[in-house]
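Here the structure is laid out as structure tokens; the discussion comes afterwards.
The values are calculated or read from the model by the stated rules, or taken from the named source; none is laboratory data. This one's a predicted model, so the numbers in the text were calculated from it and none came from an experiment. Note: ideal-geometry Cβ built from the backbone for every residue, glycine included; neighbour counts use all protein chains shown. Side chains are part of the model used for accessible areas, which takes the heavy atoms of the whole protein and leaves out ligands, DNA and RNA. Shrake-Rupley method; radii C 1.70, N 1.55, O 1.52, S 1.80 Å.
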Amino acid sequence: MPTSPPILDAVPGDGNVLGLSFDDGPNPPDTTRLLAVLREHAVKAVFCLVGQQVRRHPELVRQIVDDGHVLGNHSMYHDDMGDWPPDRIRADLQATAAAIEAAVPGTPVPYWRAPFGSWGETPAVAAELGMRSLGWRLAVFDWQPPGTRTLVRRLLAGVSPGAVVLLHDGGGDRSQTVEAVARVIPMLHSAGWRFGLPAS
């Protein structure tokens, strides 16, 4: 039986480097505010996009790309695909890719991330379509908004060299996440951390 492709969860580089990734968008106004924060601090991130949201807000996808961020395919409707057969997975990923292509023609989408981290057979299908599966080393459970101060504490306590960090700009009100990111980036910069992107 073929080995499933590896799930990438690290950023290359020596020392205190980490990568930010954001799921479930694009989602105004939170994605718009988040992009402003990242722009202010010259940080690039990965945005894992839901096809349904791409269709609703193509202008935000264009802004993400114009700002120099990298895109990931995060399925069309954020379904749990863990027990889906390959043909159904492929159709979903291709539909999402088509939505992204319509918004930002010719833009690479090097990553795939499974909704809920329910990978199943998706890494193999994603690899066939030219995408690497992107996981994470740190999740701060911002999909259950615990308050900005709690998110800041979890981020500062949980970062480790090379880690890909999972955050959300969509799927609900993500204002706490945006504010936490705005607070944490300068703190980490001051502590000698750098921000990078996973290998593609």
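Quick notes on this structure:
- Checked against (1) free of Cβ contacts under 8 Å to residues at least 40 places away in the same chain; (2) open to solvent by less than 30 Å² (accessible area, probe 1.4 Å); (3) not in a helix (DSSP H, G or I), Pro105 passes all but a single condition, namely (2).
- Set side by side, the residues Gly170, Gly192 differ, and just one is over 15 Å from the mean Cα position of the chain (by Cα) and part of a loop (DSSP other than H, G, I, E, B), which is Gly192.
- Considered as a group, the residues in segment 108-142 that are touching a residue at least 40 places away in the same chain (Cβ under 8 Å) and aromatic (Phe, Trp, Tyr) include one that is surrounded by the most Cβ atoms within 10 Å (Cβ to Cβ), and that residue is Trp112.
- Test: residue in segment 174-188 that is assigned to a loop (DSSP other than H, G, I, E, B) and either out of contact with any strand residue (DSSP E or B) (no Cβ under 6 Å at 6 or more places or on another chain) or open to solvent by 20 Å² or more (accessible area, probe 1.4 Å) (or both): no
- Taken over segment 1-55, the criterion of being in a strand (DSSP E or B), of a type outside the set (Gly, Ala, Ser) and open to solvent by 10 Å² or more (accessible area, probe 1.4 Å) is satisfied by Ile7, Leu8, Leu20, Asp24.
- Residue within segment 58-67 that is assigned to a loop (DSSP other than H, G, I, E, B) and in contact with a Pro (Cβ under 9 Å, 6 or more places away or on another chain) present: no
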